[in-house]
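**Student:** Sharing a structure here in structure tokens format.
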Amino acid sequence: MAYLELNNITKNFGTGADMTEVLDDINLHIEEGEFVAIVGFTGSGKTTLVNLINGLEAPTSGEVLFKGKPVEGTSHERGVIFQNYSLLPWLTVYQNVEMAVREAFPNASKDFLDKRIKEYIAMVNLSPAITKRPKELSGGMRQRVSVARALAMDPEMIIMDEPLGALDALTRGNLQDEILNIWNKNKRTALLITNDVDEGIYMADRIIPLKPGPKATLGPEFKINIDRPRDKTLLNDNPEYKKTRNAIIEYLMDIGNERSSNSTIHYELPDLQPRDLRWRA
Amino acid sequence: MKDSLLRAFRFLGLGFLEPVVRLAAGEDSKKNVIQIFKKVLAPIASMILFLGIWYTGSKSLYNKEANYAIEKTRSERGDAESEKTRDCIASGDVSCQPNTLPSPKQVWNSFQLLLEDHRQISANKEAFIVKTSALNKKRLEQGKDPIVYTGRPSFVDQIKTSIKTVFAGFLLAFLFATPIGIIIGLSETLRNSFNWLIQILKPVSPVVWLLLVFMIVKTLTKDSTGDTSYIISFISVGLCSMWATLVNTAVGVSSVDKDYINVAKVLKLGTFQKIFKVILPAALPLIFTGLRITLSVAWMVLIAIELLAQSPGLGSFVWEEFQNGANDSNSKIIVAMFIIGFIGFLLDQIMLTIQKLISFDKGSDV
């Protein structure tokens, strides 16, 4: 039995004629301590898949099992890092993290909470900004708060929904390393949703492409056999990296082409000639 | 020093004084002089223009009224009498002044007179209190009610009463509309079931609310001998003005960003935590916009309601002056008009200031 199991999941929105089938026949098994990345195009149903796993939504059919038990609603055992940070703008960095820590450790002493909050904010290098509000922070800093908030609750599994999608390349690289460091430290299970194949290869043990919806489903998995810690600068010359990267991109290109050629709508183009508008004598 | 002064000015809605402060602090003079021209001199010029139009307008209305009076005397009582009327008007005698829109000067004079009147009345009141204090002590010892001053209220007293009424009404609206708005906002079923009622009651005129409140309060206070007009007017004010808060609160609570709700779910906040730590702070800007509208509506309908309910205050002051028809009644009405406008402006500024203090997006505009 795997740590997290998704068995024959389908997810539809709406009913009757308005029904859209977002996910279909999803099967996913993640072992404890594993780092899995799911890559897919935007709009392919990635966020829906994440919401099924973290418990914000329930599948139409099939089952999500976490440690052998079906997922019903959200749980502190699964920490979520949202795509758009989702910090509460009226709270400071400290208060945003505090809110999560208080919920995760309801019986803990004040000192313990304070220490833990400060520790996690320090971990994402935000101690100087501890009294600032999200509006005063840059995108990268906001996402770091979000990371601190998710991790401070001490979840057994971290679910990341395109956490770095909106950041510039440099910040992105730094945060990737930070997340990897934290994951490495206490070997939590991690699921990363991303649209960046390189990010997936750099961070994950396995990459699974998500075929775009409607009726999105998971494609064949690609194992990343590169030793950790991985060095970004050397990665480009690693033959294993090149091979995996090419295979994944080829696969994604193929399903992309398949999707556009599968289009059943045929547009009749009008047979028109431009009129001669030159002045005639 | 300069920065804190600027912040204080902006906070108090006196942002137009900013270039003056900057100039005094010795900043870029050319730019600030232009700013002073734009932000300080231009408003003053528009005020002067307004006074000018008012002055010429009232002058021509005055002349028209005067000519009409002279012509009327001529046709009714002959040339000699008409000359007498003309002289009388020209001499400025109170007995024959044309009754029309007063000039700015007359209004200013009336304002001074009203202040003088207020000083007089408060002096009288104080004298009365001093005179009756010994007697009142005795009456209290005997278990009787003390003698109170029952003289005519001054203009300033009327203003105070009006402000008291508007705050009582506003408080009522606040205490009533915000909790109901929150409850309605949280439940879609409740929102749907009350929507029609709110939509129908919202556009009802203040006059009708007053009559409704009158019907109810009259019956409820059958056995009390006190003055119910104050109760009637502040309840009506509250009822008329609460709709903006009710609707805005409901909309604010029901339209909280889905991301925040997801956060609350992922953190597994309890229902109360979710309402007080996530939903209410997120809805606060809209709730406050509602409260601001409520206060300005309350002040606006208050005048009409006082006028109709005959409860003391600026509204009844205006009405009494209109009924009075004395020589300076018109200018007193205009004085009241400006005072009403000015207090309304102040109330709005107070609300804006509180909103800036509480709201979380204050970083953007202060």
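**Student:** Calculated FRET efficiency, B:ASN195 and B:SER255, Cβ-Cβ r, R0 22 Å, to nearest 0.05?
**Tutor:** 0.90
**Student:** Where does the longest stretch of chain A lie that holds no chymotrypsin sites (Phe, Trp or Tyr not before Pro) found in a DSSP loop with 11 or fewer other Cβ atoms within 10 Å?
**Tutor:** A:1-266
**Student:** Let's test the formula: R0 of 30 Å, r as the Cβ-Cβ distance of A:ASN174 and A:LYS135. What FRET efficiency results, to the nearest 0.05?
**Tutor:** 0.85
**Student:** Next question. I'd like to check one number: the per residue accessible area of region A:164-281, probe 1.4 Å, reported in Å² as a whole number. Let's see the in-between values first.
**Tutor:** Working: 7770 Å² over 118 residues.
Computed with neighbouring chains in place, this is 66 Å² per residue.
**Student:** While we're here: Taking chain B as a Gaussian network, Cα atoms linked when under 10 Å apart, which of B:ASN109, B:ASN99, B:ASN124 shows the biggest mean-square fluctuation?
**Tutor:** Looking only at B:ASN109, B:ASN99, B:ASN124, the biggest GNM fluctuation is shown by B:ASN124.
**Student:** Return the Rg/Rh value of region B:2-94, two decimal places, where both radii are evaluated on C-alpha atoms and Rh is the Kirkwood radius.
**Tutor:** Checking Rg against Rh, the ratio lands at 1.45.
**Student:** Then there is this: Sketch the reach of a paramagnetic label on A:GLU57 as a point 7 Å from Cα along Cα-to-Cβ, and name the residues of region B:256-277 whose backbone nitrogen lies under 19 Å away.
**Tutor:** Residues passing the 19 Å test: B:257-267.
**Student:** Can you pull out the trypsin sites (Lys or Arg not before Pro) in region B:134-209 that DSSP calls coil and that have at most 14 other Cβ atoms within 10 Å? Could the numbers behind the result be given before it?
**Tutor:** Details: sites: B:LYS137, B:LYS138, B:ARG139, B:LYS144, B:LYS160, B:LYS164, B:ARG191; in loops: B:LYS144.
Sparse-neighbourhood loop trypsin sites (Lys or Arg not before Pro): B:LYS144.
**Student:** I would also like to ask the following. Out of all DSSP beta bridges with both ends in the protein assembly as shown, state the antiparallel percent to the nearest 5.
**Tutor:** Antiparallel bridges: around 45 percent, rounded to the nearest 5.
**Student:** Ballpark to the nearest 100 Å², how much total accessible area do A and B bury together, probe 1.4 Å?
**Tutor:** The contact between B and A buries close to 1800 Å².
**Student:** Taking every residue in A:93-105, how many Cβ atoms of other protein chains lie within 10 Å of its Cβ, on average? Please report the intermediate quantities before stating the final value.
**Tutor:** Details: counts 0, 0, 1, 1, 0, 0, 7, 5, 1, 4, 7, 2, 0.
Average neighbour count from other chains, rounded to a whole number: 2.
**Student:** Exceeding 27 Å between C-alpha atoms, which entries from my cross-link table qualify? They are A:LYS11/B:LYS265; B:LYS268/B:LYS356; A:LYS132/B:LYS2; A:LYS132/B:LYS277; B:LYS164/B:LYS332.
**Tutor:** Working: A:LYS11/B:LYS265 20 Å; B:LYS268/B:LYS356 31 Å; A:LYS132/B:LYS2 24 Å; A:LYS132/B:LYS277 18 Å; B:LYS164/B:LYS332 22 Å.
Table pairs above 27 Å Cα-Cα are B:LYS268/B:LYS356.
**Student:** Once you measure Cβ to Cβ distances between cysteines in chain B, which Cys have no partner under 4.7 Å?
**Tutor:** B:CYS240
**Student:** Any of A:LYS46/A:LYS211; A:LYS211/A:LYS232; A:LYS69/B:LYS274 with alpha carbons more than 18 Å apart? Name them for me.
**Tutor:** With Cα atoms farther than 18 Å apart: A:LYS211/A:LYS232; A:LYS69/B:LYS274.
**Student:** Okay, next question. Please check region A:118-142 for residues whose accessible area, probe 1.4 Å, is lower by 50 Å² or more when all protein chains are in place than in their chain alone.
**Tutor:** With the partner chains in place, region A:118-142 has these residues losing at least 50 Å²: A:LYS135.
**Student:** Another question, if that's okay. Below 19 Å, Cα to Cα, which lysines can B:LYS144 reach? Residues fewer than 8 away in the same chain don't count.
**Tutor:** Hits, sequence-local ones excluded: B:LYS131.
**Student:** In terms of the ratio Rg/(2.2 N^0.38 Å) built on C-alpha atoms, what value belongs to region B:153-364?
**Tutor:** 1.19
**Student:** Enumerate the aspartates and glutamates that B:LYS38 could reach by cross-link, defined here as Cα to Cα under 20 Å, with residues fewer than 8 away along the same chain left out.
**Tutor:** B:GLU18, B:GLU27, B:ASP28
**Student:** Let me ask another. Once the other residues with Cβ under 15 Å from the Cβ of B:ASP328 are scored (Lys, Arg +1; Asp, Glu -1), what is the net sum? All intermediate terms of the calculation are to be shown ahead of the outcome.
**Tutor:** Values: positive: B:LYS105, B:LYS332; negative: B:ASP93, B:GLU116, B:ASP117, B:GLU320, B:GLU321.
Once positives and negatives cancel, what remains is -3.
**Student:** When the expected Rg is taken as 2.2 N^0.38 Å, what fraction or multiple of it is the alpha-carbon Rg of the protein assembly as shown? It would help to have the intermediate numbers written out before the result.
**Tutor:** Values: Rg = 37.1 Å, N = 647, 2.2 N^0.38 = 25.7 Å.
Cα-based Rg divided by the globular estimate yields 1.44.
**Student:** What's the average, rounded to a whole number, of partner chain beta-carbon atoms within 10 Å of each residue's beta-carbon in B:262-274?
**Tutor:** Partner-chain Cβ atoms within 10 Å, mean over residues of B:262-274: 6.
The values are calculated or read from the model by the stated rules, or taken from the named source; none is laboratory data. Please read these numbers as outputs of a predicted model, since none were measured by experiment. With ideal geometry, Cβ positions are generated from the backbone for all residues, glycine too; neighbour counts draw on all protein chains shown. For accessibility, only protein heavy atoms count, side chains too; no ligands or nucleic acids. Shrake-Rupley method; radii C 1.70, N 1.55, O 1.52, S 1.80 Å.
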